[in-house]
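*Asks:* If you scroll down you'll find the structure; I have some questions about it.
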Amino acid sequence: MPIQVLPKHVADLIAAGEVVERPASVVKELCENALDAGAAAVTAEIRGGGVRYIRVADNGGGIAREDARKAFLPHATSKIGTADDLEKILTLGFRGEALPSIAAVAKVQVLSKTANDEHGFCYEIAGGEEISLEDAGCPAGTTFIVRDLFYNTPARVKFLKKDVTEGNFVGAALERLALSRPDVAFTFIREGKQVFQTPGDSSPASAVRAVLGKLFYETLLGVKNAHNGVEVTGFVCEPAAARPNRNMQYFFLNGRYIKCPTASAALGEAYKHSLMQGKFPACVLHITMPPGLVDVNVHPAKTEVRFADDRPVFSAVYQGAYQALNAGVAMPVGAAALSRPLETKQTRIDDLAGGCGQLPLQTSFLRDPGEFSSPLAPERDEPSLIKRPFSDLPPVPQIINYQLSIVNCIELFNTYFLAEIGDELMLIDKHAAHERILYERLKAGQGAVQRQVLLEPLPLHLSREETAVLLENNALLEQAGFLIEEFGADAIVLRECPLLLVGADLNAQAAEIAGFLLAQKGDLTTGALDWIFHSAACRAAVKAGDPTTAYERERFVEKLLAMPEIRHCPHGRPVMVTITKKELEKRFGR
Ligand code: ADP
Ligand code: MG
């Protein structure tokens, strides 16, 4: 093919591909324009997940009628003029790409009026082609209506997910925008229902509360730190409210939401000694620094940035979070409520286990009712930390002949059981073995997993995105033994859980499942249920470090030997290793 300059509509479609990936990108671009126009209030509404209808209305400066067409030309921007301006960008937009890109792949209508103009205008453009430009009576500010996204590029429609999922992406984008600007009142309306509204009173705390909910807000500690020209303010969560993934880490740089591995690593370092492995702090942190020291022009979505030097950012975030954690910097508002939600949760579980009268409260990870009431059962000689009712191990099949008696079952490193069985030494990874047994139990009960009704429904402390994804996958959760229910506008409660999880940290379990489902981005495979079984089994299984008694160990080994199919954990690691007497003799040169 000879070299040619691409026709305008082809070039527009290519540019649109970079900027407009899905409804959420349209909403984000339109809201950013509203913020750049100095709006004090922004309303975003979607229908049909935003594919069918998006409306973004602001009360900002408006567009002059003579600029209406120009605004939709590629590289048309009122925000920068010269290359030098790139060094000091303070607006969210500057590339002049959004409007032409959106108009190239949707039907767009814009109504706008500046404060000085008497009349506003209504401009219509679809698939990059102007349809009309007329006078219109409208208030000062701008309203964009975008319909039928990708109506002229059917190939791209295929890459869209279900409307609910697209709506979730829009919700996540709006959460970030609303958190980024507490001085602006944001309203989000989804399929006719108001999802949240921030007051726009400039208080970061009230924005967090309105967007992420009261329960989350009450777990937060205030952060304020300045270091080498980098200022960090906002909130980190108390360690007890840490999460199984980084979904609730919100970083904003000079008012713009960014993904920030540097800040995330700094946060992890600050919590190093306060968190268990696999737990991540939640945060809403605003980082402010001279715009010249950061390059935001790395990617069209502008969520990735490059710092001239990462170190001051790392130090400022690390110090800020560390001080908040260790000096106990109180939350500006609602400090009295700190940590309450988690304590309440624990009490609920205890109430449940003790109160319902049907669950024997035993203290071994072996959950075979009757085992400990057997007259043969010796007194437990050590206190155990594991408080869960028992029900999960099947009775030992009678076919097992123990002519091979288990002698001297001891525990090593709080992790491995060592048993002498016949002329073999058996080493068992107690967590791996127990996990596999529980996993098999859940799998066998597929669709009819043994459940426990919670005496009081347990409020789940999740982000709106996590809440939505759980509700969407309600059927899957029920198969796994979880019954969730909507509770108020944007909260959910857990009503039933798999029996073996009674007493476990159910909030952490719910967040972990939500994190998994979100990572699947709507593409659920048949493996999803299996994944949940793994995760639940792992959570319910005895942990390395949990104390066990000799009696428990011996019964456990007996049961394990009776289940020859269980020789590997669900992840494929061996649950036991045997060393024969012969091997030992050889090693000792006997
Ligand atoms: P950019 O934001 O990079 O300048 P856009 O294509 O998003 O490019 O917008 C083009 C121009 O249209 C902006 O520079 C601005 O002048 C104008 N504009 C867009 N949306 C609004 C709005 N909501 N209020 C006022 N002006 C707007
Ligand atoms: Mg823009």
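The values are calculated or read from the model by the stated rules, or taken from the named source; none is laboratory data. Keep in mind the model is a prediction, meaning the values are calculated, not measured. Using ideal geometry, Cβ is built from the backbone for each residue, glycine included, and neighbour counts are taken over all protein chains shown. We work out accessible area using only protein heavy atoms, side chains counted, and drop any ligands, DNA or RNA first. Shrake-Rupley method; radii C 1.70, N 1.55, O 1.52, S 1.80 Å.
*Asks:* Please work out if Glu440 is open to solvent by 50 Å² or more (accessible area, probe 1.4 Å) and within 16 Å of His568 (Cα to Cα).
*Replies:* yes
*Asks:* Out of the residues in the range 36-56 meeting the condition of being within 16 Å of ligand 2 (Cβ to nearest atom) and either open to solvent by 20 Å² or more (accessible area, probe 1.4 Å) or at pLDDT below 95 (or both), tell me which one is nearest to Thr142 (Cα to Cα).
*Replies:* Among residues in the range 36-56 that are within 16 Å of ligand 2 (Cβ to nearest atom) and either open to solvent by 20 Å² or more (accessible area, probe 1.4 Å) or at pLDDT below 95 (or both), the one nearest to Thr142 (Cα to Cα) is Ala37.
*Asks:* Working only within the range 57-92, note down all residues that are at pLDDT 80 or above, more than 15 Å from ligand 2 (Cβ to nearest atom) and open to solvent by 40 Å² or more (accessible area, probe 1.4 Å).
*Replies:* Asn59, Arg65, Glu66, Arg69
*Asks:* Let me ask something additional. What residue, among those in the range 93-109 that are of a type outside the set (S, T, N, Q), more than 13 Å from ligand 2 (Cβ to nearest atom) and within 14 Å of Ile131 (Cα to Cα), is surrounded by the fewest Cβ atoms within 10 Å (Cβ to Cβ)?
*Replies:* Lys107
*Asks:* For the range 535-546, give me each residue that is within 16 Å of Leu477 (Cβ to Cβ) and open to solvent by 40 Å² or more (accessible area, probe 1.4 Å).
*Replies:* Arg539
*Asks:* Could you check the range 110-126 and list, in sequence order, the residues that are open to solvent by less than 60 Å² (accessible area, probe 1.4 Å) and touching a residue at least 40 places away in the same chain (Cβ under 8 Å)?
*Replies:* Matches in the range 110-126: Val110, Ser112, Lys113, Thr114, Asp117, Gly120, Phe121, Tyr123, Ile125.
*Asks:* Can you name the condition, by its number, that Ala15 falls short on among (1) at pLDDT below 95; (2) small (Gly, Ala, Ser); (3) touching a Leu at 6+ places or on another chain (Cβ under 7 Å)?
*Replies:* (3)
*Asks:* All but one of (1) within 21 Å of Phe216 (Cα to Cα); (2) open to solvent by 10 Å² or more (accessible area, probe 1.4 Å) hold for Gln509, so report the exception by its number.
*Replies:* (2)
*Asks:* Report yes if Ala419 is aliphatic (A, V, I, L, M), assigned to a strand (DSSP E or B), modelled with pLDDT of 65 or more and open to solvent by less than 30 Å² (accessible area, probe 1.4 Å), otherwise no.
*Replies:* Answer is yes for this residue.
*Asks:* Looking at the range 571-590 only, could you name the residues that are assigned to a loop (DSSP other than H, G, I, E, B), exposed (fewer than 15 other Cβ atoms within 10 Å of the Cβ) and touching a residue at least 12 places away in the same chain (Cβ under 8 Å)?
*Replies:* His571, Arg573
*Asks:* Run down Glu18, Glu32 and say which single residue is within 28 Å of the chain's Cα centre (by Cα), within 14 Å of ligand 2 (Cβ to nearest atom) and open to solvent by less than 60 Å² (accessible area, probe 1.4 Å).
*Replies:* Step by step, each of Glu18, Glu32 is checked, and only Glu32 is within 28 Å of the chain's Cα centre (by Cα), within 14 Å of ligand 2 (Cβ to nearest atom) and open to solvent by less than 60 Å² (accessible area, probe 1.4 Å).
*Asks:* Out of Lys272, Lys214, Lys279, Lys259, which single residue is under 22 Å from Glu465 (Cβ atoms) and free of Cβ contacts under 8 Å to residues at least 12 places away in the same chain?
*Replies:* On inspection, the qualifying residue turns out to be Lys214.
*Asks:* Please go through the range 557-570 and give me each residue that is touching a residue at least 40 places away in the same chain (Cβ under 8 Å) and either basic (Lys, Arg) or open to solvent by 70 Å² or more (accessible area, probe 1.4 Å) (or both), ordered by number.
*Replies:* Those that are touching a residue at least 40 places away in the same chain (Cβ under 8 Å) and either basic (Lys, Arg) or open to solvent by 70 Å² or more (accessible area, probe 1.4 Å) (or both): Lys559, Glu565, His568.
*Asks:* State all residues of the range 96-128 that are assigned to a strand (DSSP E or B) and of a type in the set (A, V, I, L, M, F, W, C); if no residue qualifies, say none.
*Replies:* Listed by number, the residues that qualify are Val108, Val110, Leu111, Phe121, Cys122, Ile125, Ala126.
*Asks:* Spot the failing condition for Tyr551; the list is (1) more than 17 Å from Leu500 (Cα to Cα); (2) open to solvent by 50 Å² or more (accessible area, probe 1.4 Å), and only one is missed.
*Replies:* That leaves (2) as the condition not met.
*Asks:* Right, something else. Only strands (runs of 3 or more DSSP E) wholly contained in the range 440-549 count here; list those with 2 or more residues that are touching a residue at least 40 places away in the same chain (Cβ under 8 Å) and more than 25 Å from Ala178 (Cα to Cα).
*Replies:* Once the strands (runs of 3 or more DSSP E) in the range 440-549 are filtered for at least 2 residues that are touching a residue at least 40 places away in the same chain (Cβ under 8 Å) and more than 25 Å from Ala178 (Cα to Cα), what remains is 451-459, 491-498.
*Asks:* Next question. Go through the range 222-241 and count every residue that is open to solvent by 10 Å² or more (accessible area, probe 1.4 Å), among the hydrophobic types (A, V, I, L, M, F, W, C) and either under 19 Å from Gly515 (Cβ atoms) or assigned to a helix (DSSP H, G or I) (or both).
*Replies:* Selection size over the range 222-241: 2.
*Asks:* Here's something else I'd like to know. Taking the options Gly503, Gly488, Gly481, name whichever one is at positive phi and touching a Leu at 6+ places or on another chain (Cβ under 8 Å).
*Replies:* Gly481
*Asks:* Can you tell me how many residues within the range 253-270 are within 18 Å of Ser180 (Cβ to Cβ), in contact with a Phe, Trp or Tyr (Cβ under 6 Å, 6 or more places away or on another chain) and either of a type outside the set (Val, Ile, Thr) or in a loop (DSSP other than H, G, I, E, B) (or both)?
*Replies:* So the answer is 2.
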